[in-house]
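Following: one structure in C-alpha cells, then a few remarks.
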C-alpha cells in the first residue's frame, strides 16, 4: 500500500490526531498566562521561582496521556473493523480494501459479505440485513436493479453490484461524517474554570503592569526583583492547585472505569456520567439474534402483588 493511501486511512480514523490532542491541552488561556509569567521569570533569571510550572506540566500531561491512550484504543478498533471487498475485474475475483473502491467497479456479493459502498444490484438476488442503518433486524430481499447501501450485510444469495458511491460519498460515509464532527461536551467544572480564567485575563495584564511600575519606577527596585514581586502577586490570581486537583480527580475516575473495561475518550465525560441516573440502550439485534428472554425481575417497591409495581427487568439474548 502506498504512503498516500496510508495517510487516507489515518484521516478516516474516528479520533483526533495526536497533534490536535496536544494543541487542545497545551494552548489554553490558563496555560498561556502561566507560560508568560514563567518566561518573564526566566528573563529575570529567577529560576527557583519557576517551580510552579511543574504543576502546569503535570496537569497538561495527565490530559494528553489519557486522551492519546483512548485514541490508540479507538483507532485499533477502527482498523479491526475495516472490511475487505471482492471485486470482479477482467473476469477474475480480486480482494481489496474497502477504502480503495471507486465508482463503477463491480462488487461480488455472497452470504456473510459486508456491502462496503452504495451500489445497484446488476446480477443475482440477495437477502440483506440493514439493521446497522435502520435499526430493523428483519432481512430485505434485493433483486436486479435494487439499490444497496453501504453498511448492510448479505445474509443469503449471491450477486454482482455496480458501485455508485464510495468512501465519504456513500450513505454510511455521510453518517460517519456527522458522527465524527467533534462537539464540545458541556462541563460545569470546565466552564467555571474558564470563567475564572477569562476574568483573571482581564485583570492580570493591567495589574501586572501597575505592580511592575510601582516596584521598578517608584520604589526603584532592580528589574529582576520587580519581575519576581509582580509574578508572585499574579500567580496567586491563577488557581493552579484547583486545576491540578480537578485533573487528578478525573484521571482517578478514568483509571477506575478502565478497570471495568470502560473506555473514556474525554476526561470531562466523567462529570457528565456523574449526572446520569438511567442509561437507556436500544436493542436492535445488530450484534445478536434479537431473541430476548427474561432472566430476572426485581421489584423496586418491595410489593410483588401490587399492580402498579415499578420493577427492573433483566434480559439476556
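Protection proxy ranking for 30-36, 259-265, using the average of other Cβ atoms within 10 Å per residue and placing the highest first: 30-36, 259-265. Our note on the geometry: Cα centres of the stretch 254-280 and the stretch 129-150, 34 Å apart.
Extension gain residue 175-residue 248, at 0.36 nm per residue separation less the Cα-Cα distance, in nm? Display every interim value, and only then the final one.
Values: separation 73, 0.36 × 73 = 26.28 nm, distance 3.57 nm.
Contour length minus Cα-Cα distance gives 22.7 nm.
Between residue 100 and residue 233, what length in nm is gained on full extension when 0.36 nm per residue of separation is reduced by their alpha carbon distance? Before the final figure, lay out the partial values.
Numbers: separation 133, 0.36 × 133 = 47.88 nm, distance 5.95 nm.
Here the answer is 41.9 nm.
For the peptides 194-206, 114-126, the ranking by packing is 114-126, 194-206, with the highest mean count of neighbouring Cβ atoms within 10 Å listed first.
Given a Förster radius of 30 Å and the C-beta distance between residue 275 and residue 168 as r, what FRET efficiency does 1/(1 + (r/R0)^6) yield to the nearest 0.05?
So, using R0 = 30 Å, E works out to roughly 0.30.
Inter-label distance, residue 293 to residue 88: 4.3 nm, where each label sits 7 Å from its Cα along the C-beta direction.
Bear in mind that the values in this text are calculations on the coordinates, not laboratory data. Quantities reported herein were computed from a predicted structural model and do not represent experimental measurements. Don't worry about glycine lacking a Cβ; one is built from the backbone with ideal geometry, like all the others, and counts go over all protein chains shown.
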